[in-house]
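First the structure, in the form of structure tokens, and then the observations on it.
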Amino acid sequence: MGSAGWDMTRRTKQSASSRTGAAMIAAALLLSGEACAQPSSGGPSSLFDSIFTGSLSKGSRAAPSPQRPGASAQAQAAPAASSAAPPWSGEDGASGHPLMTASAIRQAAANFENCVASMWPDAARRNISQQSFQRFTAGLEPDLRIMDLMDSQPEFTKSIWDYLDILVNDNRLAKGREILATYKPQFNAVEKAYGVDRYAIAAIWGIESNYSTQMGDRNVLQSTATLSCIGRRQKYFRDEFLSALEILHRGDLRPEQLRGSWAGAFGPTQFMPTAFKRYAVDADGDGRRDVVDNPADLIASTANNLKKDGWQPGQSWGYEVVVPPGFNYMLADRAKAMTIAQWEHLGLKRAGGQPFPHAGDKAYLLAPAGAEGPGFLMLQNFRVIMKYNPAEAYALAIGHFADRLRGGAPFVQPWPRQERELTRAERLELQQLLAQRGFYRGTPDGQLGGQTREALRGFQASIGAPADGFASSDVLERLRGR
Ligand SMILES: [Ca+2]
């Protein structure tokens, strides 16, 4: 995937405020080229379209969910220096979606109050009282800036090694060790009750919000109401909006606690309102599921989320592996799981020379930087982390961060740091050239997901190059026929 875009955010037009920057980076960092067709019209933003090319997003595949779009806001440089967020650009959205044109946005915004009021019957069906509905929706106004964020298409992407460098660093690790020590009783209790590794939970906390320091400060009710009534993902966000109302009506969280990313993820581990409904628990027994300010509830709810998604107690997420020269990278495919013993038979070894603990475990091979970078054998728990946030780079950062918190070492093999990420124009050109040669059947969209990777592999195989699907500048040159 490589240039598949672990997008970071240098934006071409205006410079974003740091808050916007956080959201952008948050989204951008999560970009993944996962192994399924790119549902480019599915995600709640163009960024998320790329992010949620994973087939295991919590929503359906047809409607990938912005699970934790606020995640990884940590790459944000500093707390907001500017006071006010920039206003809506007033421009047509880059997605070209009819509901994202400036006039469609203006029209929907003019009808915002009616739209919110029209959701009352649905709210009533969820046992939200009329009093609560009126109280929490009174004076609600749309935040049109979200439309820009939803359709933003960054020119530059971030490599997976830069992404890992940003997220897995000594400072964050030190904070993580502090958190583990401070809340040791809570982690003990949760490990016992849920069978979920404390280091994985602490890693999610650290990667999602840099230990509660970067959670986003948009009003979740306002954001989800905006997205429910304006733009191209209204149906999807109605469930989020109504779920946020339920949270407030039940009193699990107070309105001032319900702040987060532009797409509605909130709290230190960035629950979406619907995810909160599924997974949040009241661990300290005070009657409120406070995943924002109560560490016991937060840790238990995050563990419950992983457990319900299939976490296997006592098992790792995966292993860094050395892939032998001449290996057939067509096997590096999420759909091609084999036992560790079978992988060993094909010549894969654990990096660092240790033996694999369980020869019978099923794993798939991921080579995020192609044949020139490290390989990874991914176990069930990696798939579980991908459900939390369906981006390979994200899940790898979580797994590695957890290992480092446990006392593990950095990855052994080097990344191909000399490779540069393709620009958006180059990514589009790559797809167009692959289409011209009959390898790519999708619509070129500049987002290098699984379909593009497959096409690249086909092209690479046809010219006798390692079919690793990595979108290097070299392979683009080859496609250009130079
Ligand atoms: Ca509680």
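Consider the range 295-313 and keep the residues that are free of Cβ contacts under 8 Å to residues at least 40 places away in the same chain and crowded, with 20+ Cβ neighbours inside 10 Å. The one that is nearest to the ligand (Cβ to nearest atom) is ASP297. The residue of the range 154-189 that is surrounded by the fewest Cβ atoms within 10 Å (Cβ to Cβ), among those that are part of a loop (DSSP other than H, G, I, E, B) and not charged (D, E, K, R), is ASN169. Starting from residues that are within 17 Å of VAL292 (Cβ to Cβ), assigned to a helix (DSSP H, G or I) and charged (D, E, K, R), keep the ones in the range 190-247 and report whichever is farthest from the chain's Cα centre (by Cα). Per the criteria, the residue is GLU246.
Residue count for the range 452-482 satisfying the condition of being assigned to a helix (DSSP H, G or I) and either in contact with a Phe, Trp or Tyr (Cβ under 6 Å, 6 or more places away or on another chain) or more than 21 Å from LYS158 (Cβ to Cβ) (or both): 12.
Of all residues in the range 261-294, those satisfying the criterion of being among the aliphatic types (A, V, I, L, M) and within 14 Å of the ligand (Cβ to nearest atom) are ALA280, VAL281, ALA283, VAL291, VAL292. Look through ASP143, ASP170 and report the one residue that is modelled with pLDDT of 95 or more and touching a strand residue (DSSP E or B) at 6+ places or on another chain (Cβ under 8 Å). Checking each option against the conditions leaves just ASP143. Inspect the range 373-392 for any residue being among the hydrophobic types (A, V, I, L, M, F, W, C), under 19 Å from LEU448 (Cα atoms) and either under 20 Å from the mean Cα position of the chain (by Cα) or not assigned by TED's automatic domain parsing to the domain that holds GLY464 (or both) and give the result as yes or no. Yes, the conditions are met somewhere in the range 373-392. Of all residues in the range 164-179, those that are under 24 Å from ASP293 (Cα atoms) have Cβ atoms under 8 Å from Cβ atoms of residues that are of a type in the set (A, V, I, L, M) and at pLDDT below 95, 6 or more apart or on another chain, in LEU167/LEU29; LEU167/ALA75. Of the set (1) assigned to a helix (DSSP H, G or I); (2) more than 30 Å from PRO295 (Cα to Cα); (3) of a type outside the set (D, E, K, R), all apply to TRP88 but (1).
Among the residues of the range 239-258, none qualifies, meaning not one is basic (Lys, Arg) and either more than 16 Å from the ligand (Cβ to nearest atom) or buried (at least 24 other Cβ atoms within 10 Å of the Cβ) (or both). When you check ASP403 against the structure, is it part of a helix (DSSP H, G or I), over 16 Å from the mean Cα position of the chain (by Cα) and within 25 Å of LYS158 (Cα to Cα), yes or no? Considered against the rule, which asks whether it is part of a helix (DSSP H, G or I), over 16 Å from the mean Cα position of the chain (by Cα) and within 25 Å of LYS158 (Cα to Cα), ASP403 comes out as yes. Within the range 90-132, the residues that satisfy the criterion of being more than 15 Å from ASP239 (Cα to Cα) and surrounded by 17 or more Cβ atoms within 10 Å (Cβ to Cβ) are GLY93, SER95, HIS97, MET100, ALA104, ILE105, ALA108, ALA109, PHE112, SER132. For ARG233, indicate whether it is at pLDDT 95 or above, at negative phi and surrounded by 23 or more Cβ atoms within 10 Å (Cβ to Cβ). Answer is yes for this residue. Would the range 434-451 turn up any residue that is assigned to a loop (DSSP other than H, G, I, E, B) and within 19 Å of TYR199 (Cβ to Cβ)? So far as the range 434-451 goes, no, none of its residues is assigned to a loop (DSSP other than H, G, I, E, B) and within 19 Å of TYR199 (Cβ to Cβ).
The values are calculated or read from the model by the stated rules, or taken from the named source; none is laboratory data. Keep in mind it's a predicted model, so treat the numbers as computed, not measured. Neighbour counts are summed over all protein chains in view; Cβ atoms, including those assigned to glycine, are modelled from backbone coordinates with ideal geometry.
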